[in-house]
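Visitor: Quick one: this structure, given as C-alpha cells, is what I'll be asking you about.
Readers should treat all values here as calculations from the given coordinates under stated rules, not as data from a laboratory. This is a predicted model, so every value here is computed, not measured. Please note: Cβ atoms are built from the backbone with ideal geometry, for glycine as well, and neighbour counts cover all protein chains shown.
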Amino acid sequence: KNEVEQSPQNLTAQEGEFITINCSYSVGISALHWLQQHPGGGIVSLFMLSSGKKKHGRLIATINIQEKHSSLHITASHPRDSAVYICAVSYNTDKLIFGTGTRLQVFP
Amino acid sequence: EPEVTQTPSHQVTQMGQEVILRCVPISNHLYFYWYRQILGQKVEFLVSFYNNEISEKSEIFDDQFSVERPDGSNFTLKIRSTKLEDSAMYFCASSVLRGSTGELFFGEGSRLTVL
C-alpha cells in the first residue's frame, strides 16, 4: 500500500529555532511535494523534488531516494511560519497522495 | 501573480440537492484537478482533467460526481445529489505539467456543508 508518513504530527517552537519535519514513503516515487496549509485552509506549494535538495529563502527541502525519506527544514523560524506542512507524493500518475500533515506553531 | 480562484468560498446545502463548485485555473495551465479534505482528515485526490477529458479519477469520484470545462476558462465540479459525507473542503488545482512532475497551484478552497 502506498503510504506517506509524517513526523512529528505537532511541533511547537520558539521564534528563531531551526525546524525539521520528516516524511517517509513506502515505495518508489516520481516526485515529492512539500505544501503549506494556512490556518484558513488554503494550500500553497513550497517545493517539488525528485532528487537532491532545494532551497527557497529560509526553507530547505531534501530527499533521499534510497532511504525513501524527505525532510523540510525551516531556519530562523518565525511566528508567521505557523501552519500545517504537508508532504505529498506521486507515482507517475496524475494524483498526489498526501500525508496527514505536521502542525507547526512558532511562538515569539 | 496569477492564481487559481474558487467560488463559492462556502456553500450550505440540503442533502439530496445538486451543488456546482467553480474554479478558474491559471490561464496557461493544461492540467486541472479537484481534491477534497474532510474536516480533520488528509487531503484526498478526486479527479484530474486534461485535454477536455478526465485523465484519472479516484474511487471516491463515483457517478454522483462530474467535472466540466464548459468555456475554456472555468472548471467545475458537480455533485448531483449531495450526501452528508460530502461535507468537506474542496480544492481546485492546476499545473503546467502533469501532476506527478509539475508544481501544483491550489485555490483557496470551497467549503461545502451538507445538512
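Visitor: Using the alpha-carbon centroid of each, what span in Å lies between the range A:42-108 and the range B:78-101?
Guide: Rounded to whole Å, the Cα centres lie 22 Å apart.
Visitor: Additional query: Remind me, relative contact order of the range B:32-78 in percent, using alpha carbon pairs under 8 angstrom and six or more residues apart?
Guide: Taking the mean separation of contacting Cα pairs over the length of the range B:32-78, I get 25 percent.
Visitor: Still on this structure, please answer the following. Just order A:88-100, A:53-65 by mean Cβ neighbour count inside 10 Å, highest at the front, would you?
Guide: Final packing ranking: A:88-100, A:53-65.
Visitor: Stokes-Einstein at 37 °C, 0.692 mPa s, Kirkwood radius from Cα pairs: D for the protein assembly as shown in µm² s⁻¹? Walk me through the intermediate numbers first.
Guide: Details: Rh = 18.0 Å.
It diffuses with D of about 183 µm²/s by this estimate.
Visitor: Here is a further query. With +1 on each Lys and Arg Cβ and -1 on each Asp and Glu Cβ, and nothing else charged, work out how big the dipole of the range B:1-83 is about its Cα centre, in Debye to the nearest 20.
Guide: So the magnitude is around 220 debye.
Visitor: Taking every pair of distinct Cα atoms and averaging 1/r, then inverting, what Kirkwood hydrodynamic radius in Å comes out for the range B:1-46?
Guide: Details: mean 1/r = 0.0774 Å⁻¹.
The answer is 12.9 Å.
Visitor: Less than 10 Å Cβ to Cβ from B:Ser110, Lys/Arg counted +1 and Asp/Glu -1: what total charge do the surrounding residues give?
Guide: +2
Visitor: Let me make sure I get this right: for chain A, a, b and c are the square roots of the gyration tensor eigenvalues over alpha carbons, sorted descending. Under 1.5 in a/c it's rounded, otherwise prolate if a/b > b/c, else oblate. Which is it? Each step should come with its number before you reach the end.
Guide: Working: a/c = 1.93, a/b = 1.64, b/c = 1.18.
In terms of gyration-tensor shape, prolate.
Visitor: Residue by residue, what Karplus-based ³J(HN,Hα) values in Hz, rounded to whole numbers, does the range A:37-43 have, using 6.51, -1.76 and 1.60 with θ = phi - 60° and x for Gly and Pro?
Guide: 10, 6, x, x, x, x, 10
Visitor: Please list the radius of gyration and Dmax for the range A:1-40, considering alpha-carbon atoms only, with Å as the unit.
Guide: Over the range A:1-40's Cα set, Rg and Dmax evaluate to 13.0, 38 Å.
Visitor: Still on this structure, I have one more. Of all GluC sites (Glu not before Pro) in the range A:1-103, which ones are in loop regions per DSSP and have a Cβ with at most 10 other Cβ atoms within 10 Å?
Guide: Passing both the DSSP loop test and the Cβ count: A:Glu67.
Visitor: Ok, one more. Where does the Debye-calculated log10 I(q)/I(0) of chain B sit at q = 0.11 Å⁻¹, using only Cα point scatterers of equal weight, no solvent?
Guide: Once normalised to I(0) and log-transformed, intensities are -0.31.
Visitor: Still on this structure, I have one more. Sequence gap at least 6, Cα distance under 8 Å: using those rules, report the relative contact order of chain A to the nearest whole percent.
Guide: Reported as a whole number, the value is 37 percent.
Visitor: Defining a contact as two alpha carbons under 8 Å apart and six or more residues distant in sequence, what relative contact order in percent does chain B show?
Guide: Normalised by residue count, the contact order of chain B is 38 percent.
Visitor: If you restrict to DSSP beta bridges whose two residues both lie in chain B, what percentage is antiparallel, to the nearest 5? Mind showing how you got there, number by number?
Guide: Details: 34 of 38 bridges.
Approximately 90 percent, going by the DSSP bridge assignments.
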